[in-house]
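A.B. asks: Below you will find the structure I want to go over with you.
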Amino acid sequence: MGRLFRKRLDLTIVVVAYDMARELPRTLCSLTRDYQRHCAGIDYEVLVVDNGSPEPFGHERVAAYGDNFRYFYLDNPPSSPAYALNYGAERARGRILCLMVDGARLVTPGVLGLAAAAFRAYRDPTVAVLGWHLGEDLQYRSIAAGYDQAREDALLAAIHWPEDGYRLFEIAVLAGSCLDGWFRPIGESNAVFIRRDAYDRLGGFDERFDLPGGGFVNLDFFRRAVLRKGSELIVLLGEGTFHQLHGGIATNTGDERERQNLQHRWEAQYKALRGGAFDAPGKRPVYLGGISPAVLPSLASSVQLAMEALARGDSLFAGSE
């Protein structure tokens with residue numbers, strides 16, 4: 001893959017967005033130096049790749065978040081975000097990349113500082129952040145029960161976000177890719193960090209995942225990144241990404257039949273491309289982070305799920321033990 005950067009930076013965050021006028025400002029706010037903690041010494045940039053929104057978000061709105069924020073608009077791109085992610089990576093100046101397939105994700109305040117620490121401590125890590133859905137249930141179920149953007153706005157106002165980003169844990173549930181909690185394998189990360197040269201060796205995101213929404217493209221990239229030879233999996237304990245409602249294909253349909261049809265198509269494409277069904281990578285992680293009071297309930301339930309797995313005779317991280 002090409003390298004089109006100028007001055008080398010420590011880190012580039014690539015954020016892909018489509019028609020997210022409500023959600024993207026919050027995501028960008030959560031990536032600013034004012035919001036992120038312990039990142040004063042990190043030279044980073046945020047690249048927003050607008051994947052053909054009917055009304056472009058615009059350079060000026062992105063630049064308002066800091067002189068390290070850049071904007072690119074793709075005219076008539078593929079419906080899968082794979083091309084947009086690779087496009088952003090090619091224009092990144094960072095030695096380390098953070099790939100955010102979904103621009104509707106808020107992040108907690110320790111993500112950038114802790115990820116940078118992981119790359120100082122380990123030679124070639126893959127750093128993962130667990131995903132969450134805002135609301136009381138997985139969003140495809142909560143939507144069917146009446147959850148909407150107005151309700152979500154009220155939840156964020158109730159915790160006075162963005163004053164304390166860790167209070168997001170109070171109004172969210174674990175996403176489907178990590179329903180088993182902190183101490184079992186996860187299927188993907190919506191903020192995955194990897195060295196730029198490792199990204200190039202992997203070939204980036206596989207653009208053959210061309211179904212609307214990308215299908216399993218993010219899961220596929222995460223699995224390949226985690227399982228590559230010599231890489232340590234680092235999970236940022238006590239941090240998360242939080243999905244906002246935005247009408248997304250993967251999470252924001254309340255029609256169960258439609259959701260099942262999409263899932264079957266995505267599974268079939270993954271099997272056709274990789275020769276078998278998707279399985280979450282079972283590599284044992286190293287945990288890095290701290291614990292805020294708001295994350296304690298999820299930790300407690302995660303411990304219970306892990307203990308139940310052990311009682312059944314299951315290995316916590318099959319394939320690594």
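The values are calculated or read from the model by the stated rules, or taken from the named source; none is laboratory data. Quick caveat: nothing in here was measured; it's all calculated off a predicted structure. Because the Cβ atoms are built from the backbone with ideal geometry, glycine has one as well, and the counts that use them run over all protein chains shown.
A.B. asks: Where in region 1-75 are the strands (runs of 3 or more DSSP E), entirely inside, with at least 2 residues that are under 17 Å from Ile194 (Cβ atoms)?
C.D. replies: 9-17, 44-50
A.B. asks: Select, from Leu168, Leu138, Leu179, the only residue that is without any contact (Cβ under 8 Å) to a residue 12 or more places away in the chain, touching a Leu at 6+ places or on another chain (Cβ under 9 Å) and within 30 Å of Met307 (Cβ to Cβ).
C.D. replies: Going through Leu168, Leu138, Leu179 in turn, just one is without any contact (Cβ under 8 Å) to a residue 12 or more places away in the chain, touching a Leu at 6+ places or on another chain (Cβ under 9 Å) and within 30 Å of Met307 (Cβ to Cβ): Leu179.
A.B. asks: Here is a further query. Can you spot a residue in region 80-92 that is surrounded by fewer than 24 Cβ atoms within 10 Å (Cβ to Cβ) and either at pLDDT below 95 or among the polar types (S, T, N, Q) (or both)?
C.D. replies: Checked region 80-92: at least one residue is surrounded by fewer than 24 Cβ atoms within 10 Å (Cβ to Cβ) and either at pLDDT below 95 or among the polar types (S, T, N, Q) (or both).
A.B. asks: So in region 97-112, with the set limited to residues that are farther than 17 Å from Leu233 by Cα and either surrounded by fewer than 19 Cβ atoms within 10 Å (Cβ to Cβ) or not β-branched (Val, Ile, Thr) (or both), which one is nearest to the chain's Cα centre (by Cα)?
C.D. replies: Only one residue fits best here, namely Met100.
A.B. asks: Here is a further query. Give the residue that is nearest to Leu227 (Cα to Cα), with candidates limited to residues of region 282-293 that are under 20 Å from the mean Cα position of the chain (by Cα) and not in a loop (DSSP other than H, G, I, E, B).
C.D. replies: Val286
A.B. asks: Please work out if Ser142 is over 27 Å from Lys229 (Cβ atoms), small (Gly, Ala, Ser) and in contact with a Pro (Cβ under 8 Å, 6 or more places away or on another chain).
C.D. replies: No; evaluated as a whole, the condition is false for this residue.
A.B. asks: Given the structure, is Ala63 buried (at least 16 other Cβ atoms within 10 Å of the Cβ) and of a type outside the set (Ser, Thr, Tyr)?
C.D. replies: When the stated conditions are applied, Ala63 does not pass them.
A.B. asks: When the residues of region 294-319 are filtered to those that are of a type in the set (S, T, N, Q) and in a helix (DSSP H, G or I), which remaining residue is surrounded by the fewest Cβ atoms within 10 Å (Cβ to Cβ)?
C.D. replies: The selected residue is Gln304.
A.B. asks: When region 15-41 is examined, which residues are found to be in contact with a Leu (Cβ under 6 Å, 6 or more places away or on another chain) and farther than 24 Å from Asp153 by Cβ?
C.D. replies: Cys39
A.B. asks: For the condition part of a loop (DSSP other than H, G, I, E, B) and buried (at least 24 other Cβ atoms within 10 Å of the Cβ), what is the one hit in Phe209, Phe205, Phe222, Phe242?
C.D. replies: Phe205
A.B. asks: Continuing with the same structure: Out of (1) closer than 19 Å to Val127 by Cα; (2) out of contact with any helix residue (DSSP H, G or I) (no Cβ under 7 Å at 6 or more places or on another chain), the odd one out for Glu90 is which?
C.D. replies: Of (1) closer than 19 Å to Val127 by Cα; (2) out of contact with any helix residue (DSSP H, G or I) (no Cβ under 7 Å at 6 or more places or on another chain), only one is false for Glu90: (1).
A.B. asks: Now, a different point. Considering only region 125-164, state which residues are among the hydrophobic types (A, V, I, L, M, F, W, C), surrounded by 17 or more Cβ atoms within 10 Å (Cβ to Cβ) and over 20 Å from Leu219 (Cβ atoms).
C.D. replies: Passing the criteria: Leu134, Ile143, Leu155, Leu156, Ile159, Trp161.
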